[in-house]
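Notes to accompany the following structure.
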Amino acid sequence: MNRATAVFAGLLVIALPLSLLAGRVWLDPAATPNAALILAELRLPRALLAIVVGAGLGASGAAMQGYLRNPLADPGLFGIAPGAALGAVAALWFGYATAPWLLPAFALLGAAGAMALLAAIAGRTGGIALFTLAGLMVASLAGALTALAISMAPNAFAMSEIVLWLNGALTDRSWREVSLVTPLVAGGVLLLWRAGRALDALTLGEAVARSLGVNTGRLLWLLIAGVGLTVGASVAVAGIIGFVGLIVPHLVRPLTDRRPSQVIVPSALAGALLVLVADSAVRVLPLVTELRLGIALSLLGAPFFLWLLLRMRRGLA
Amino acid sequence: MTLAADRISLGQRLADVSLALEPGTITAICGPNGAGKSSLLEALAGLLEVDRGTVALDGADLRDMPARDRAQRVGYLPQAHEIAWDVPVRSLVELGRMPHGDRRAGPVDAALEALDIADLAERRAQSLSGGETARVLLARVLAGEPRWILADEPLAALDIAHQLALLRHLRRAADRGVGVVLVLHDLAHAMNHADRVVVLDRGTLAADGACEDALDQRVVECVWKVPVRWIGEPNHRALVSG
């Protein structure tokens, strides 16, 4: 276990109980009426969902940055999150979202469609440039179809449902979502973790990695499957939550020796921590309606991204 | 124990090239820009799928060989000094052990010692100078204890002292029985330091043999289209124009 894993695991252990107590109404287990019920049925599943979703997004961000050898890569750029979102939007458009399993199922189908498209275009050659372009194409196609769905929404209610859902949130989620998303994200993180050593070799470029015995085609499949499972499952239960995959590896890297394999697991923990803390913060903020988690993280993420760019510019200068 | 290309062709880049390389020697691949040197090296390393012909290591077709077996035997050093993350030198060199599935300290330390960079082991990659980076990347290849070292322009971007030092290290490896194949732009380095020179011109083999023959003045004039002449004694040659 490296230092970053220990640090973020420790912080997560501290943050979880605080998050369970935090909210518009702070919970006092001894005094609040129905405290046990609120904890067991509302706060605990929501906190666990934040942890699982954040872990998936963090790990996939670290793996994508390692694969593309680019610290500005975000898993959302590569079509899987927009594909999942498109699936969910389709469910809302057709009014299927009243059945509890259908929206996540549609989102997972959307993610699978995006993965299949990515694999069909870039999977055979295993080239990084082709993969990036294919991802951007899938992302923009899914984005355009989502915009089309919004503009042609059958009624104002469906349109507001879609827009609200796209903003990403963990409000009113239950154990059902936790049990749906946990095995998928766990499987995805495991696949990404397995890609770690090959990502280390990629530090020296694609040709060296291949000369060291890395099967770049298999690596691409591992990544598509790993990112597809983690990001697809996250979008399926929480909507679009951006910037986590971009920010988190940067928080983790200084605590590691910067090998991509050493960043993946701590990024899962740091992602879990970030989403848990952010979701607790949006509950505590004294606003009329609760700030959507996706919006909050974007408000946090955009300045961070700018800071990152400025720091890189200083580094280049 | 040979690495042999048998009539390999690849698009416009290589046409019907055959050569058999012997271990324990340094072979230089020379030729003008665009002659197909890097393609030939990558094909010999099993990294490039050729259209026709075969590349065989000890008689076994590289295409049929599991990637890991090939990686244990053939070390490849590309021209680009690409290091994407600011990782410690030791973990870079340890990557050389990847085909063996271990991080044994013995070969890693030996590679660091061989290139006089043991004191750099804890440094970060981005803090290294160009010469230090070149030696670290070669150490990565040596740590894998390959029987073949295939290096594309390993001397480019190095000053003369570092060039000669690197050539000394490669000669030591060849003396231990490793087959060394280098793409070299500097014909004088090829002339003075290689045991054998392969000259490529527009994807075909223009000359192949001992340095003095393969880099004969007439070959150079014919392939590079410049009037030149060699001066000095064997092993201490210099190329001058005219």
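Rg over Rh for the range A:3-316 works out to 0.98, both radii taken from alpha-carbon positions and Rh defined as the Kirkwood radius. Average 1/r across all pairs of distinct alpha carbons in chain B, invert it, and you get the Kirkwood radius: 18.4 Å.
What translational diffusion coefficient, in µm²/s and rounded to a whole number, does the Stokes-Einstein relation yield for the protein assembly as shown at 37 °C and a viscosity of 0.692 mPa s, taking the hydrodynamic radius as the Kirkwood radius over Cα pairs?
Numbers: Rh = 26.1 Å.
D = 126 µm²/s.
Helix A:216-238 versus the longest principal axis of chain A: what is the Cα-based angle in degrees, 0 to 90, to the nearest 10? Helix A:216-238 sits at roughly 10 degrees to that axis.
Where does helix A:260-284 land angle-wise versus the long Cα axis of chain A, in degrees 0 to 90, nearest 10? Result, in degrees: 20.
With the highest mean first, a sort of the peptides A:199-211, B:157-169, A:256-268 on other beta-carbon atoms found within 10 angstrom per residue produces A:256-268, A:199-211, B:157-169.
The phi torsions of the range B:91-105, fed into the Karplus equation with coefficients 6.51, -1.76 and 1.60 and a -60° offset, translate into couplings of 6, 5, 5, 4, 4, x, 7, 3, x, 8, x, 9, 10, 3, 5 Hz, rounded to whole numbers, with Gly and Pro shown as x.
Could you list A:L49, A:L57 in order of exposure, starting from the residue whose Cβ has the fewest other Cβ atoms within 10 Å? Numbers along the way, then the final one.
Details: A:L49 25, A:L57 36.
Ascending number of Cβ neighbours within 10 Å: A:L49, A:L57.
By the count of neighbouring beta-carbon atoms within 10 Å, fewest first, A:Y67, A:Y96 end up ordered A:Y96, A:Y67. For the range B:90-228, a crude dipole built from +1 on the beta carbon of Lys and Arg and -1 on the beta carbon of Asp and Glu, taken about the Cα centre, is about 400 debye to the nearest 20.
Under a point-charge model restricted to the Cβ atoms of Lys and Arg (+1) and Asp and Glu (-1), what is the dipole moment magnitude of chain A relative to its Cα centre, in debye to the nearest 20? List each step's numbers first, then the result.
Details: 20 positive and 11 negative charges, 174 e Å.
With Lys and Arg at +1 and Asp and Glu at -1, about 840 debye.
Relative to the longest principal axis of the Cα atoms of chain A, the long axis of helix A:156-166 lies at roughly 50 degrees.
Readers should treat all values here as calculations from the given coordinates under stated rules, not as data from a laboratory. None of the values given here were measured: they were computed from a predicted structure. Cβ atoms come from the backbone with ideal geometry, glycine included; neighbour counts cover every protein chain shown.
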